[in-house]
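The values are calculated or read from the model by the stated rules, or taken from the named source; none is laboratory data. Nothing here was measured: the structure is a model prediction, and the numbers come from that model. Ideal geometry is used to build each Cβ from the backbone, glycine not excepted, and the neighbour counts take in all protein chains shown.
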Amino acid sequence: MATYSPTSPYFTTESYGRYLDVINYRSFTKRDDDISYQIEKAYAYRPQILAHDLYGDAKLWWVFAARNPDRLKDPIFDFVDGLVIRVPYKQTLVDELGL
């Protein structure tokens, strides 16, 4: 069984030998004061770039999908220019994900 880091989207996903189960995103508090962010053209289809710019870690791309499951069914191809998503503050991730 593999062990994944807290920044991995697979951290809380079960594994069976060499195989992973359906992804189970790690949870964190959805706060009412999370930032409302309109995806810019430079970040379209590239959530890892936005994660790097906001959090200093491209591996946190999955946070956007976990925070916006109603808007981002596919975390890459639904990440389009003009879409408004909720973005957690970096301190929320530090506190709850142990970064």
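Per-residue answers, yes or no, for (1) hydroxyl-bearing (Ser, Thr, Tyr); (2) in contact with a Phe, Trp or Tyr (Cβ under 7 Å, 6 or more places away or on another chain); (3) at pLDDT 80 or above:
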{"residue": "Tyr4", "(1), (2), (3)": "yes, yes, no"}
{"residue": "Arg26", "(1), (2), (3)": "no, yes, no"}
{"residue": "Arg31", "(1), (2), (3)": "no, no, yes"}
{"residue": "Lys41", "(1), (2), (3)": "no, no, yes"}
{"residue": "Pro69", "(1), (2), (3)": "no, no, yes"}
{"residue": "Lys73", "(1), (2), (3)": "no, no, yes"}
{"residue": "Gly98", "(1), (2), (3)": "no, no, no"}
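Tallying residues that are buried (at least 17 other Cβ atoms within 10 Å of the Cβ), of a type outside the set (Val, Ile, Thr) and in contact with a strand residue (DSSP E or B) (Cβ under 9 Å, 6 or more places away or on another chain) within the stretch 56-85 yields 5.
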